[in-house]
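The values are calculated or read from the model by the stated rules, or taken from the named source; none is laboratory data. Quick caveat, the model's predicted, so the values are computed rather than measured. Cβ placement follows ideal geometry from the backbone for every residue including glycine, while neighbour counts extend to all protein chains displayed.
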Amino acid sequence: MSDRAQPVKVTARVSAVHDDIVTIRLLKNGEGEFYPVTKNEVVLICPQRAQADFAEKLQAEVLRVRYGEADVQVFENTRGVAVGDAVEQSGQMLSVALGPGLLGQVYDGLQNPLELIAGQHGFFLPRGLAVDGIDNQQRWSFVPKVKIGAKVKAGDLLGTVQEGRFEHRILAPFNMRGKAEVSWVQEGSFSVTTPVLRLSGEDGREREVSMQQHWPVRIPVNRDLLREGYSERLFPSQPLLTSIRLIDTFFPVARGGTACIPGPFGAGKTVLQSLISRYSDVDIVVIVACGERAGEVVETITEFPNTPDPRGGTLMDRTVIICNTSSMPVAAREASIYTGITISEYYRQMGYNVLLIADSTSRWAQAMRETSGRLEEIPGEEAFPAYLESSIRALYERAGVVRTNDGREGSLTLIGTVSPAGGNFEEPVTQATLRTVKTFLGLSADRAYKRAYPAVDPLISWSRYLDQLGDWFEQELEPGWTDRVRDLLKLLKQGEAVQQMMEVTGEEGVTLEDYLTWQKAQCLDQVYLQQDAFDPVDVSTPIQRQRELLALLVTCLSQLPPLRDKAEARDYFVSLTGLLRNLNYSRQDSPDYRGYLEQIEQLRKGA
Ligand code: ADP
C-alpha cells in the first residue's frame with residue numbers, strides 16, 4: 001500500500017453504488033457523532049466480495065458531503081463493490097509524492113509508475129493496488145545546504161541532490177507554518193523516505209523531513225508560499241522559444257504563459273506537440289496524455305525514451321509523462337491533469353523552466369461532465385457542469401512565472417490541446433479555453449491537406465504576447481519588430497483576399513498589384529510559416545536566425561525588381577521562393593548557405 005493513503009480505520013460503509021460514484025454512510029464515534037469527512041479527502045473502499053488474492057482497497061475521492069453521508073468518486077472499476085462494504089478514511093487529500101526520481105517516469109493519473117507495474121503485473125495495474133510514486137529503494141546523495149541552528153520557512157532550500165543532469169533542490173515542506181530551526185541534519189546517500197533533517201517549529205514541535213514530500217494535487221504547490229510572501233508571482237517577460245518560426249515570430253507563447261492548440265484529427269497535433277516539447281528552451285517537460293487510446297499510450301512509453309534530446313541525452317531524462325487511457329475510469333482521467341500540474345509546479349519552485357503539455361483538456365472536461373452528470377448536478381451548456389469555465393480558468397492560472405524563496409526565477413508554461421468534436425470551435429470547452437489562454441494556435445485540416453506544415457492557420461490564430469512581450473522583441477531582436485510582424489500578418493490577410501477573388505475570376509481578373517500582393521503572401525507562407533519537421537536543419541530555427549531570415553524576406557518582398565506582367569512576377573517568385581527555401585535547409589554560414597545568399601542577391605539585382 002502506498003504511503004499516500006494510510007488507512008486509519010473503518011469510519012463508513014457503502015450505501016449505494018452508481019457506476020464509479022459510490023455513496024457512503026458515515027458511522028458514529030464513541031460520542032455518537034458522525035466521523036467527520038471532508039471534501040476532496042481520499043477514502044478507501046474495501047470490497048468484501050471481490051476475488052483478488054490481496055485485500056483490495058479502492059481509492060476514491062470525496063466529492064460531496066451531506067449529513068451523515070458522502071458521495072465519493074472511485075478511481076477504479078467498482079465491480080463487486082456492494083452495500084455494506086467497509087470504507088476507511090485516509091485523512092489526506094488526493095496527493096502526489098514530490099522528490100528526486102520523478103524525471104523519466106511514466107505515471108498514470110494517480111502517480112502509479114506504469115513501467116514498474118508493466119514489469120510486475122502486465123501492462124495495466126490490477127485494481128486496488130497502489131504503488132509508490134517514487135521508488136523508495138533507490139538512494140540519492142543528499143548534500144545539506146543548511147546547518148544546525150539555521151532558521152527556515154516553507155519552501156526554503158534545505159539541500160540538493162543530483163537527479164540526472166539536474167540539481168534537484170530539496171525544499172522545506174510547503175505546508176510548514178512560520179519559522180523552524182534546523183535541529184539535526186545528515187549528509188549521505190539515502191532513500192527518499194529516510195529522514196535527513198529535523199526541524200523544530202515555533203510551537204516547539206519537532207518534525208522529521210525526508211527528501212520527499214506529499215502535496216494535494218488540487219491545491220497549487222506555492223499557495224502558502226505566495227500568501228506568506230516567501231515567493232512571488234511575476235509577469236511573464238520572455239518568450240518560450242520553440243524554434244518554430246510561425247510560433248516564435250507570429251504567435252509567441254510567453255515563458256510562464258498559456259496557449260491552446262485545437263486540432264482536427266490528422267492536422268498534425270501530435271507532431272507539433274512533440275516538436276514543441278523537444279525544441280523549446282525549457283528545462284523540464286511534463287506531458288499529460290489523458291484519454292488516449294491504449295495503443296497510443298504504449299507507443300508513447302516505448303518510443304519517447306529513445307527520442308534524442310537536441311541538448312544531448314534522451315528527451316526522457318528531463319520529461320515526466322502522465323498517461324491515462326480512455327479505458328481507465330473517468331475519475332482517474334480527471335485527476336491526471338492535476339497530478340501533472342502539481343509535479344510541474346514543484347520543479348518550477350526549484351527555479352526551473354517547466355513546460356506542461358496537456359493533451360487533451362477536452363477529455364478532462366468530458367470526465368468532469370460525466371462525474372457531474374452522475375452527481376445529478378444542474379447541467380450548463382451541452383451538459384457540461386456550470387463550473388466548467390471556472391475550472392478551466394483555475395487550471396490555466398496555475399501556469400506563471402515565480403520568484404522562489406531564494407530569488408531564482410522559475411516558470412510553468414501550460415499548453416493545452418482541445419479536441420472539439422467535428423472541428424466545431426463553438427463548443428463550450430474550446431470557447432472557455434479561448435477566453436482563458438493568451439495564445440491560440442489554430443491547426444487547420446485545410447492546411448494539413450495542402451501539406452502546409454505546421455498546419456497552424458495564421459488567419460485564425462492569435463497571440464496576446466506579441467504586445468505583452470513587445471519590449472523583449474524590440475530589445476533582443478530589433479526595434480520595430482512587432483509592427484513588422486503585424487504588417488506581415490496584414491499581408492497574409494490581403495493575400496487571402498486576392499486568392500478568393502482569383503478563385504472566382506481567375507488570375508486575369510485581378511490587377512498586377514493585387515497579383516503581386518498574393519505572390520508575396522505565398523512566399524511568406526512557404527518560406528517562413530512552413531517548416532519541415534523532417535529536415536534536420538529546417539526543423540529548428542533559433543530565434544536569431546529567425547530575425548535574420550525575416551529581415552532578408554522583408555527586404556526581398558519590399559524591394560522587388562521591376563516586374564512587367566504576371567508571367568514575369570510568377571517566374572521571379574518561383575525562383576525567389578526556391579532559393580529562400582534552400583537557404584532554410586542549409587546550415588547557417590555553411591558554404592551552401594552563403595551560396596544561396598549570393599544567388600538571392602543576384603536574382604534581386606536581375607543578374
Ligand atoms: P494528428 O495528431 O493531428 O492526428 P499527426 O501529428 O500525427 O496528426 O500528423 C499527421 C501527419 O502529418 C504526420 O504523420 C506527418 O506526415 C504530417 N505532419 C504533421 N506535422 C508535420 C510537420 N510539422 N512537418 C512535416 N510533416 C508533418
Considering VAL288, VAL298, which residue is within 20 Å of the chain's Cα centre (by Cα), surrounded by 23 or more Cβ atoms within 10 Å (Cβ to Cβ), modelled with pLDDT under 95 and not in a loop (DSSP other than H, G, I, E, B)?
-> VAL288
Flag for PRO262 being in contact with a Leu (Cβ under 7 Å, 6 or more places away or on another chain) and either away from the ligand (no atom under 16 Å from the Cβ) or within 21 Å of GLN526 (Cα to Cα) (or both) | no
Determine which single condition ASP457 fails, assuming it passes every other condition in (1) more than 16 Å from the ligand (Cβ to nearest atom); (2) touching a Lys or Arg at 6+ places or on another chain (Cβ under 6 Å).
-> (1)
Scan the stretch 542-595 for residues that are among the polar types (S, T, N, Q) and closer than 25 Å to LEU489 by Cα and jot them down.
-> GLN544, GLN546, THR555, SER558, GLN559, SER575, THR577, ASN582, ASN584
Counting only residues that are touching a residue at least 24 places away in the same chain (Cβ under 8 Å) and either under 42 Å from the mean Cα position of the chain (by Cα) or surrounded by 16 or more Cβ atoms within 10 Å (Cβ to Cβ) (or both), the stretch 491-517 contains a total of 9
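Residues are listed down the side, and each one gets a yes or a no for (1) within 16 Å of the ligand (Cβ to nearest atom); (2) buried (at least 21 other Cβ atoms within 10 Å of the Cβ):
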site	(1), (2)
ALA386	no, no
TYR396	no, yes
GLY407	no, no
THR413	no, yes
GLY422	yes, no
GLY470	no, no
ARG486	no, no
First in the stretch 440-452 and closer than 20 Å to THR417 by Cα and more than 12 Å from the ligand (Cβ to nearest atom), second anywhere and among the charged types (D, E, K, R) and modelled with pLDDT of 95 or more, Cβ under 7 Å, 6 or more apart | GLY442/ASP457
Kindly list, by first and then second residue, each pair from a residue in the stretch 453-465 that is over 17 Å from GLU496 (Cα atoms) to a residue that is aromatic (Phe, Trp, Tyr) and within 16 Å of the ligand (Cβ to nearest atom), limited to pairs with Cβ atoms under 7 Å and residues at least 6 apart or on different chains.
-> SER463/PHE251
With the condition kept exactly as written, say whether any residue in the stretch 54-63 is over 15 Å from VAL10 (Cα atoms), in a loop (DSSP other than H, G, I, E, B), out of contact with any Pro (no Cβ under 9 Å at 6 or more places or on another chain) and not basic (Lys, Arg).
-> no
The helices (runs of 4 or more DSSP H) lying entirely within the stretch 407-471 that contain at least 2 residues which are among the small types (Gly, Ala, Ser) are 445-449
Of those in the stretch 203-226 that are among the charged types (D, E, K, R) and in a loop (DSSP other than H, G, I, E, B), the residue nearest to the chain's Cα centre (by Cα) is ARG218
Find all pairs meeting these conditions: Cβ atoms under 7 angstrom apart; at least six residues apart or on different chains; first residue within the stretch 69-87 and farther than 14 Å from GLU41 by Cα; second residue basic (Lys, Arg).
-> GLU76/ARG127; ASN77/ARG127; GLY80/ARG49; ALA82/ARG49; GLY84/ARG13; ASP85/ARG13; ALA86/ARG13
Some residue of the stretch 520-540 being surrounded by fewer than 19 Cβ atoms within 10 Å (Cβ to Cβ), charged (D, E, K, R), outside any helix (DSSP H, G or I) and in contact with a helix residue (DSSP H, G or I) (Cβ under 6 Å, 6 or more places away or on another chain) | yes
Counting just the residues of the stretch 543-601 that are hydroxyl-bearing (Ser, Thr, Tyr) and either touching a strand residue (DSSP E or B) at 6+ places or on another chain (Cβ under 9 Å) or not in a helix (DSSP H, G or I) (or both), which one comes out farthest from THR249 (Cα to Cα)?
-> SER590
Check every one of the strands (runs of 3 or more DSSP E) wholly within the stretch 126-195 and list those with 3 or more residues that are within 23 Å of ARG318 (Cα to Cα).
-> 140-144, 157-163, 166-171
Hey, SER200 touching a Lys or Arg at 6+ places or on another chain (Cβ under 6 Å), hydroxyl-bearing (Ser, Thr, Tyr), at pLDDT 95 or above and in a strand (DSSP E or B) or not | no
Are any of the residues in the stretch 270-282 away from the ligand (no atom under 15 Å from the Cβ), at positive phi and either of a type outside the set (Val, Ile, Thr) or surrounded by fewer than 22 Cβ atoms within 10 Å (Cβ to Cβ) (or both)?
-> no
Sort through ARG594, ARG545 and tell me the only one that's modelled with pLDDT of 95 or more and over 30 Å from LEU443 (Cα atoms).
-> ARG594
Kindly provide the set of residues from the stretch 527-539 that are away from the ligand (no atom under 13 Å from the Cβ) and either in contact (Cβ under 8 Å) with a residue 60 or more places away in the chain or of a type in the set (D, E, K, R) (or both), ordered by number.
-> TYR528
Test GLU496 against the stated conditions and say whether it is in contact with a Lys or Arg (Cβ under 9 Å, 6 or more places away or on another chain), acidic (Asp, Glu) and more than 16 Å from the ligand (Cβ to nearest atom).
-> no
Taking the stretch 563-596 on its own, how many of its residues are touching a residue at least 24 places away in the same chain (Cβ under 8 Å) and within 22 Å of ILE543 (Cα to Cα)?
-> 10
Total residues in the stretch 393-406, condition in a strand (DSSP E or B) and within 19 Å of the chain's Cα centre (by Cα) = 3
Report yes if some residue within the stretch 553-562 is within 21 Å of SER243 (Cα to Cα) and either touching a residue at least 12 places away in the same chain (Cβ under 8 Å) or in contact with a Phe, Trp or Tyr (Cβ under 8 Å, 6 or more places away or on another chain) (or both); otherwise report no.
-> yes
